[in-house]
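One structure below.
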Amino acid sequence: MATGSLANVIYQTPYKFQGLVTVGKVIFIIDLIMFLSFVALITRRFIVARGSFRHSFIHYGEAFFVGTFWVSVSLIIQGADSYGHYAGCGPWLDTAVKICFWVYCGLTLLFAIFQYDLLFVTQRISIQGMTPAWILPMYPLIVAGPLAGEILQHQPPQPGIPIFVAGVTFQGLGWMVTIFLYAIWVIRLFSADLPAPSLRPGMYVAVGPTAYTAAGLVSLSQRATSILPVGFLGVKTVSAPEVLRVIGSIAGVFLWLLAFWYCAITTISVFNGIKTMSFTLTWWGFVFPNAGLALATTAVGKALDSPGIKWVSTAMTAILFVLWLFVAFAHARAVWKGQILWEGRDEDA
């Protein structure tokens, strides 16, 4: 997810130097290779270890993370649309992306329903054991809004209107469920200690829902004027798309600072425990959720036509790239030293 989100952030960065899109292309290709490799490896595991596929949906250490597969798929669809059109792909790409979007929506809705149902039935977790990972099964719906907003750039109005409505609908479900889980998370922060220092980067997961919702609302609202008819929803006295553009943009701005707040709370918590931190897979939380914050900042900057906000989002892109390199190096070093992903050192077991 971190690699795919970085590729999309780079593509949408407001101020680009020559060759930056090429860097984004390379990262997107790396993301594709990694995704296919991990799918092949996990498929081998499911074949060799019978029952592990079913068990992964109910195991406390894995069940919440199954949704990351679908988030990765969403980022690949978005990256293929962006970099494919940049490379000059023809109309076939629009058709392929449209089909992928609708298949994605159908499968992720079913996943969000049945995965949470399984968790409700099989898990008994106290509030003190709550982590932002509880939100992850809803993440595939949370990123549907930004995905719809981006692919609508290249869709004609007839197929674009249903995509617009679906983007708003899925974003709404993802955001509303997240609000319920946010309440539990804040209660947990008040009533129990912070997570262990090495696990605190996982707190950044709470940044993503607000950030991606803000980005999705602004992005969708900006597409309203090119996709929706003037009399959309039977409105006759004003231009419905223009009204939606203003409301959506303001709604995104309304949520934008909340994402910064969650990011700031987590950053302070990380710095407070930095001396005793060791690498865990939660360190990838430094990148993916904050990529959503960068996308939201970019979207707000473009909507408000603010050079200052655009420069902030450009700086955030640079910071994300550095963080991605840092976490990738730390991950490789931890594997090399046998600290994770070795027999007897599986942190999720």
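The values are calculated or read from the model by the stated rules, or taken from the named source; none is laboratory data. Because the structure is a prediction, the values reported are computed rather than measured. Please note: Cβ atoms are built from the backbone with ideal geometry, for glycine as well, and neighbour counts cover all protein chains shown.
For Phe279, which of the numbered conditions (1) farther than 23 Å from Leu194 by Cβ; (2) in contact (Cβ under 8 Å) with a residue 12 or more places away in the chain; (3) not in a helix (DSSP H, G or I) fails to hold?
All conditions pass for Phe279, except number (1).
Residues that are β-branched (Val, Ile, Thr) and surrounded by fewer than 24 Cβ atoms within 10 Å (Cβ to Cβ): which helices (runs of 4 or more DSSP H) entirely in region 118-224 hold 1 or more of them?
Where helices (runs of 4 or more DSSP H) fall fully within region 118-224 and carry at least 1 residues being β-branched (Val, Ile, Thr) and surrounded by fewer than 24 Cβ atoms within 10 Å (Cβ to Cβ), they are 157-191.
Quick one: is Arg245 in a helix (DSSP H, G or I), among the basic types (Lys, Arg) and in contact (Cβ under 8 Å) with a residue 40 or more places away in the chain? Spell out the reasoning first.
On the way: in a helix (DSSP H, G or I): yes; among the basic types (Lys, Arg): yes; in contact (Cβ under 8 Å) with a residue 40 or more places away in the chain: no.
Spelling it out, it is not the case that Arg245 is in a helix (DSSP H, G or I), among the basic types (Lys, Arg) and in contact (Cβ under 8 Å) with a residue 40 or more places away in the chain.
Go through (1) on the phi < 0 side of the Ramachandran plot; (2) out of contact with any Asp or Glu (no Cβ under 7 Å at 6 or more places or on another chain) one by one and return the number of the condition Gly51 breaks.
Exception for Gly51: condition (1).
I'd like the full set of residues that are hydroxyl-bearing (Ser, Thr, Tyr) and in contact with a Pro (Cβ under 7 Å, 6 or more places away or on another chain), limited to region 180-212. Can you show your working first?
Step one: filter region 180-212 for residues hydroxyl-bearing (Ser, Thr, Tyr), giving 182, 191, 198, 204, 210, 212.
The answer is Tyr204, Tyr212.
Collect the residues in region 70-93 that are surrounded by fewer than 16 Cβ atoms within 10 Å (Cβ to Cβ), closer than 20 Å to Ile33 by Cβ and of a type outside the set (Ser, Thr, Tyr), keeping them in residue-number order. Talk me through it step by step, then tell me what you get.
To start, the set of residues in region 70-93 that are surrounded by fewer than 16 Cβ atoms within 10 Å (Cβ to Cβ) comprises 86-88, 90-92.
With closer than 20 Å to Ile33 by Cβ added as a condition, the list becomes 86-87.
Listed by number, the list holds a single entry, Ala87.
So which of Gly308, Gly292, Gly252, Gly301 is touching a Phe, Trp or Tyr at 6+ places or on another chain (Cβ under 7 Å) and either of a type outside the set (Ser, Thr, Tyr) or over 24 Å from Leu141 (Cβ atoms) (or both)?
Gly292
Scan region 168-217 for residues that are of a type in the set (Val, Ile, Thr), in contact with a helix residue (DSSP H, G or I) (Cβ under 7 Å, 6 or more places away or on another chain) and under 24 Å from Trp283 (Cα atoms) and jot them down. If you could, list the steps in order and put the result at the bottom.
Narrowing region 168-217 to residues of a type in the set (Val, Ile, Thr): 168-169, 177-179, 184, 186-187, 205, 207, 210, 213.
Narrowing the set further to residues that are in contact with a helix residue (DSSP H, G or I) (Cβ under 7 Å, 6 or more places away or on another chain) leaves 168, 177-178, 184, 187, 205, 207, 210, 213.
Result: Thr178, Ile184, Ile187, Val205, Val207, Thr210, Thr213.
Are there any helices (runs of 4 or more DSSP H) wholly within region 34-100 with 2 or more residues that are more than 26 Å from Ile135 (Cα to Cα), and if so which?
On the way: elements: 52-56, 60-63, 67-86.
Result: 67-86.
Here are some conditions: (1) exposed (fewer than 14 other Cβ atoms within 10 Å of the Cβ); (2) in contact with a helix residue (DSSP H, G or I) (Cβ under 9 Å, 6 or more places away or on another chain). Val300 meets all but one. Which one does it not meet?
Result: Val300 passes all but (1).
Quick one: is Leu109 among the aliphatic types (A, V, I, L, M), part of a helix (DSSP H, G or I) and surrounded by 12 or more Cβ atoms within 10 Å (Cβ to Cβ)? Spell out the reasoning first.
Values: among the aliphatic types (A, V, I, L, M): yes; part of a helix (DSSP H, G or I): yes; surrounded by 12 or more Cβ atoms within 10 Å (Cβ to Cβ): yes.
So Leu109 fits the description; yes.
When Leu325 is evaluated against the numbered criteria (1) more than 19 Å from Leu255 (Cβ to Cβ); (2) under 17 Å from the mean Cα position of the chain (by Cα), which criterion, by number, is the only one it fails?
The number of the failed condition is (2).
Within 21 Å of Leu147 (Cα to Cα), at pLDDT 95 or above, of a type in the set (Ser, Thr, Tyr) and out of contact with any strand residue (DSSP E or B) (no Cβ under 6 Å at 6 or more places or on another chain): does that describe Thr213?
Numbers: within 21 Å of Leu147 (Cα to Cα): yes; at pLDDT 95 or above: yes; of a type in the set (Ser, Thr, Tyr): yes; out of contact with any strand residue (DSSP E or B) (no Cβ under 6 Å at 6 or more places or on another chain): yes.
Considered against the rule, which asks whether it is within 21 Å of Leu147 (Cα to Cα), at pLDDT 95 or above, of a type in the set (Ser, Thr, Tyr) and out of contact with any strand residue (DSSP E or B) (no Cβ under 6 Å at 6 or more places or on another chain), Thr213 comes out as yes.
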